[in-house]
Amino acid sequence: MTSSDHRSETPVDQSVPTQSTDARGPEVNLDRQSNPWRVELGDWVTLQASAAPIRLDVFVHEQQVPVEEEIDALDALCVHAVAFDATGRALATGRLLPDGHIGRMAVLKVARTRGVGSAVLSALMQQARHRGFAEVVLSAQTHAQGFYLRHGFVPEGAEYLDANIPHILMRKAL
């Protein structure tokens, strides 16, 4: 995997959150009755302590991506999203690169299929809109293609390997 990689991994879920901002900074507040978590947006310095362990668990431990390929220099340039449960435990993460790519989508096993991946993806797409992007692009692991299709992404091109994992390029107009 190269430093320009935009690898994404997400569970299957279909929820779409409502969004707001408060004095603590940008975040996505979800209906606490059905989705007891919040999504915070920030830079790598602010969210690294929460995002990095999720990515290491999902990509390095579960998927055997070499650790030196997982955390990269692009993290410092990205807007990161981290979803937290009601107790403050980080459950999911993703990032928006300066060029409008979404990547490093990861959800802990215990939180999959509950809509938290959708909340992170929606927050990143809203941030892309806010930054003036007309579309977002991502490199989806092929097993997660259905998740992205449900969010309006369209596959493009042929399947390829990234970190020895099958991927497909996908994009969505905003």
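Please treat every number below as a calculation from the coordinates, not as lab data. What you see is a predicted model; the values in this text were computed from it and never measured. Virtual Cβ from ideal backbone geometry, glycine too; neighbours counted across all protein chains shown.
Quick notes on this one:
- Ranked by how many other Cβ atoms sit within 10 Å of their own Cβ, fewest first, the residues LYS109, LYS172 fall in the order LYS109, LYS172.
- Near the amide H of ARG112, within less than 5 Å, lie no amide hydrogens of residues on another chain or at least 5 residues away, with H placed in the peptide plane.
- Under 5 Å between amide hydrogens, built in the peptide plane, is the criterion, and for VAL79 it picks out LEU96 among residues at least 5 positions away or on other chains.
- Shape category assigned to region 34-89 from the gyration tensor of Cα positions, a/c cut at 1.5: oblate
- Backbone HN-Hα couplings from phi across region 120-125 [Karplus 6.51/-1.76/1.60, Hz, Gly and Pro as x]: 5, 4, 5, 5, 5, 5
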